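No lab work stands behind these numbers, since they all come straight from the coordinates. Just so it is clear, the model here is predicted, and its values are computed rather than measured. With ideal geometry, Cβ positions are generated from the backbone for all residues, glycine too; neighbour counts draw on all protein chains shown.
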Amino acid sequence: MDARLEAIRDTVLARNPGEAEFHQAVVEVFESLGPVHDRHPEFLEAAILERLCEPERQIIFRVPWTDDAGRVQINRGFRVEFNSALGPYKGGLRFHPSVYLGIVKFLGFEQIFKNALTGMPIGGGKGGSDFDPRGRSDAEVMRFCQSFMTELYRHIGEYTDVPAGDIGVGGREIGYLFGQYKRITNRYESGVLTGKGISWGGSLVRPEATGFGTVIFTQEMLKTRGSSFDGQRVVVSGSGNVAINAIAKAQSLGATVVACSDSSGYVVDEAGIDVGLLREVKEVERGRLKDYAERRGGVAYVEGGSVWDVDATVALPCATQNELDGDAAARLVRGGLLAVGEGANMPSTRDAVAVFQDAGLLFGPGKAANAGGVATSALEMQQNASRDSWSFEHTEERLTEIMVGIHHRCASTADEYGQPGNYVLGANIGGFVKVADAMLAQGLI
Ligand code: GLU
């Protein structure tokens, strides 16, 4: 790492103790940014990096609610409003027991660059709670969401901060959150949340967008080597919203997705995952992958273990952070891997990224590859602002244009900095320069 940036990194790490995931995200970005500071010493003079690593505002709050047995439950809520140089803070809410400040900050930090890369006018933020929705009734989830919004509402708004979903927050949760916001504020402010239902201000393609976008980005990478998804053997991790839609899109382009996973195990389905059945089990019944395997029949279900033990030519990690380590990466490379597109946020450890890059294969980091979700959220905001709703075809076309544009920005930035094919460098520099220029123009704030 560039010596000038090392000192800044050390200060950031020391000021934010115990936040391992935030440290990882910061270090990974800093490793790309030396050459930018050679060309732009004004960024150093204006302390852009120091400011970028310090969120503009961090909100932590108590979320009290009662479960179905009438017992009081207390969770912790977070919203980190990281950077508003390019637009209102924008980013999802994650409800998962692993959520703490370090996770929210890593996600918020990544979101700044991701959102910049989309070319849309959105800043970066993220939030969530350590609430575990698994096994909770709809009524419990509703009471939790209402309590969460009873504090959050005062911090958000169409022009301030626009949350959406992430792990554990889908259409059901956005509905309860939006209802409570509307009730408290007495405003039908559609643009305050994205990922809404289609009949009350949502956008077509938003549910599919992250998974579709990841495949579109990966397809663009494959094209640079004269290849495509057609005929590829694909492994996807996860079986939530991002994974399901990545599987659907990859298969529509002629690939066979032979495996996917959940936190209990993975399924190997050599004929190609049956997306209709997977949607039924996961999205309608809120069931487990084990149920898919039983219903599908004739497929292998492996309890525990790692889905990365299954050989593939394309890997799409769509589960969660640090799910793919150096050993798994080495195994995949030995098994003939050609490309990786990250549908999740930071799913590959730093060791894994190094293995992929050393092997010279195509590696699309999450902040570029999975930006289709937030980009389509920005399209939802556009539709809300103009009180309009677009067709599926038009919205998908916009998403495709945006993903092709992100690929182009990453690839041309990597070329410009003398590292062709390095999408990590391209994404980090491409996103950073946009934000840094805007921060410089807006003065010391
Ligand atoms: N949680 C998603 C992400 O990681 C989407 C955020 C949004 O739509 O605002 O980018």
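What the table below lists for this structure:
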{"read-out": "Potential lengthening between R183 and T224 on full extension [0.36 nm per residue; Cα-Cα distance subtracted]", "value": "9.7 nm"}
{"read-out": "Extended-chain gain in nm, criterion 0.36 nm per residue less alpha-carbon gap, L277 and R334", "value": "17.3 nm"}
{"read-out": "Residues E6 and Y100, FRET efficiency given R0 of 22 Å [Cβ-Cβ distance, rounded to 0.05]", "value": "0.25"}
{"read-out": "Percentage of interatomic Cα-Cα distances in the chain larger than 40 Å", "value": "13 percent"}
{"read-out": "The stretch 213-254 pair-distance distribution - Cα-Cα, 5 Å bins, rounded %", "value": "6, 25, 33, 23, 10, 3, 0"}
{"read-out": "Nearest-0.05 FRET efficiency for S252 and I74, computed from C-beta distance (R0 41 Å)", "value": "0.35"}
{"read-out": "Volume per residue that the Cα convex hull of the stretch 145-289 spans, once the total is divided by residue count, Å³", "value": "129 Å³"}
{"read-out": "Span-like helix ranges in the chain, DSSP H, alpha carbon extent 18 angstrom or more, Kyte mean at least 0.5", "value": "101-118, 423-441"}
{"read-out": "Over the stretch 398-445, volume per residue of the alpha carbon convex hull, in Å³", "value": "88 Å³"}
{"read-out": "Projected area averaged over orientations for the stretch 1-97, convex hull of C-alpha atoms, nm²", "value": "8.1 nm²"}
{"read-out": "Square roots of five times the Cα gyration tensor eigenvalues for the stretch 20-151, Å", "value": "35, 14, 12"}
{"read-out": "Net charge dipole size for the chain [Lys, Arg +1 and Asp, Glu -1 on Cβ; Debye, nearest 20]", "value": "1020 debye"}
{"read-out": "Cα-Cα pairs of the stretch 345-418 separated by more than 18 Å (percent)", "value": "54 percent"}
{"read-out": "Long-range Cα-Cα pairs in the stretch 110-171 (distance over 20 Å), rounded percent", "value": "37 percent"}
{"read-out": "Selection from I184, G157, G170 lying farthest towards where the dipole of the stretch 156-232 points positive, charges on Cβ", "value": "I184"}
{"read-out": "Spin-label model distance (nm) - D311 vs D388, 7 Å beyond Cα toward Cβ", "value": "5.1 nm"}
{"read-out": "Cleavage-rule hits (trypsin sites (Lys or Arg not before Pro)) in the stretch 38-93: DSSP loop, at most 11 neighbouring Cβ within 10 angstrom", "value": "R71"}
